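Participant: Before anything else, here's the structure in question.
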Amino acid sequence: MKRFLVALLGMILIVGVCYGVYTFLTKDAGETPTPNPNISEQENNNPNGNENQAFVIGQAEAIFTEENYPRIDGSTATIPLSEAFKAEFLGKGLNDVSVVHNTTHNAYVNLVDGNADLILVTYPSEEELQYAKDQGVDLEIVPVVNEAFVFYTNEKNPVKSLTLEQIQKIYTGEITNWSEVGGNDVEIKAYQREPNSGSQTGMLKLVMNGLELMEPPKEDIIETMAAIIGLVSDYENGENAIGYSYYYYATTMYDTIDKEVADRIHLLGVNGVEPNNTTIKDGSYPIRTNYYLVYNKAEAEDSPVRKLADAMLSENGQKAAEAVGYVGVK
């Protein structure tokens, strides 16, 4: 009996050891883990979480395919907007779509020349309107999201707000020192953008209102919105600088490009009102504008281009725009 009990205990021990070794060797070798009850089925099937979800809201199926989706171009600052619309109307995730924008002026040229079907841009400059007219193209220009034109300084600059008149006088050359507007006794370095850029067109149309911009030194005319932000944010040389851009690019979009640099600039209030989504939508921020969807008026009433334009202004389209940080027009 004693020998029997000893043998039985030995067998149990051997079986237990073998099971433990088996469990250790196989636990990461493809066995299906127990699902986390706090993770939804949708998240569990998507390794990227919500980042790659399509913004399909109350929509039974996609309204376009890759093959019949119109050719889109636009401004740098509307790339995320274009991606959101494409994801929405193709029923895909943001990571599953790609768009190419060739900047504002080139987008207008491409539209007029027939190399793009619809563009997402700032309002056209006088030169762009004339180019369209010369080519016999009548443009349909429709606001698609709200936007604001903003000014920014280095975070070290003590000036946090300017009046619209003070901004105008800085850029006509009448105000040349920050001490004249409550700041330090240093010369103002007022950067500008190149002609026909979306930012420069906005500066002339929305801010200067017929006043003549001063002629800046050549090195103070900056080619890109990112370059101005980089110069103004610079720790050593940016404290006396001021630049301008569109709200979405200077905040939401640039945060994804270089958050550390974005955190070193301060958006100025204008007439005492700071720019943010609330003040832009309620109209209290004074320098407001839009991004526009623009296409050729000659498009047929039942064309894919007009169908896409209507979809962008629909409830689903506006929700998709707001989901990536824009301020809807509806």
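Participant: Return the total of residues in the stretch 67-79 being assigned to a helix (DSSP H, G or I) and buried (at least 24 other Cβ atoms within 10 Å of the Cβ).
Facilitator: 2
Participant: Could I ask something else about it? Looking at Ala132, Ala107, Ala148, which one is crowded, with 22+ Cβ neighbours inside 10 Å, touching a strand residue (DSSP E or B) at 6+ places or on another chain (Cβ under 7 Å) and free of Cβ contacts under 8 Å to residues at least 40 places away in the same chain?
Facilitator: Unique residue meeting the criteria: Ala107.
Participant: Residue check: is Ala227 in a helix (DSSP H, G or I), at pLDDT below 90 and out of contact with any strand residue (DSSP E or B) (no Cβ under 7 Å at 6 or more places or on another chain)?
Facilitator: Criteria met by Ala227.
Participant: Are any residues in the stretch 80-102 at pLDDT below 95, in a loop (DSSP other than H, G, I, E, B) and surrounded by 18 or more Cβ atoms within 10 Å (Cβ to Cβ), and if so, which ones?
Facilitator: Those that are at pLDDT below 95, in a loop (DSSP other than H, G, I, E, B) and surrounded by 18 or more Cβ atoms within 10 Å (Cβ to Cβ): Lys92, Val97.
Participant: Are there any pairs, at least 6 apart or on different chains, whose C-beta atoms fall under 7 Å, with the first in the stretch 275-293 and under 23 Å from Gln166 (Cβ atoms) and the second assigned to a strand (DSSP E or B) and of a type outside the set (A, V, I, L, M), and if so, which?
Facilitator: Cβ pairs passing all conditions: Ile280/Asn146; Ile280/Arg288; Ile287/Phe149; Arg288/Asn146; Thr289/Glu147; Thr289/Phe149.
Participant: Test Gly243 against the stated conditions and say whether it is at pLDDT 90 or above, buried (at least 21 other Cβ atoms within 10 Å of the Cβ) and small (Gly, Ala, Ser).
Facilitator: Answer is yes for this residue.
Participant: Also: Check whether at least one residue in the stretch 181-195 is outside any loop (DSSP other than H, G, I, E, B) and in contact (Cβ under 8 Å) with a residue 60 or more places away in the chain, and report yes or no.
Facilitator: no
Participant: So which residues in the stretch 151-185 are surrounded by fewer than 14 Cβ atoms within 10 Å (Cβ to Cβ) and touching a Ser or Thr at 6+ places or on another chain (Cβ under 8 Å)?
Facilitator: Of everything in the stretch 151-185, just one residue is surrounded by fewer than 14 Cβ atoms within 10 Å (Cβ to Cβ) and touching a Ser or Thr at 6+ places or on another chain (Cβ under 8 Å), namely Asp185.
Participant: A follow-up question, please. Return the only residue of Tyr285, Tyr292 being surrounded by 16 or more Cβ atoms within 10 Å (Cβ to Cβ) and within 17 Å of the chain's Cα centre (by Cα).
Facilitator: Going through Tyr285, Tyr292 in turn, the sole match is Tyr292.
Participant: Let me ask another. Of the conditions (1) under 21 Å from Leu120 (Cβ atoms); (2) buried (at least 19 other Cβ atoms within 10 Å of the Cβ); (3) over 16 Å from the mean Cα position of the chain (by Cα); (4) not hydrophobic (A, V, I, L, M, F, W, C), Thr251 satisfies every one except a single condition; which number is it?
Facilitator: It is condition (3) that Thr251 fails.
The values are calculated or read from the model by the stated rules, or taken from the named source; none is laboratory data. Being a predicted model, the structure only gives us computed values, none of them experimental. Neighbour counts run over all protein chains shown; Cβ positions are idealised from the backbone, glycine included.
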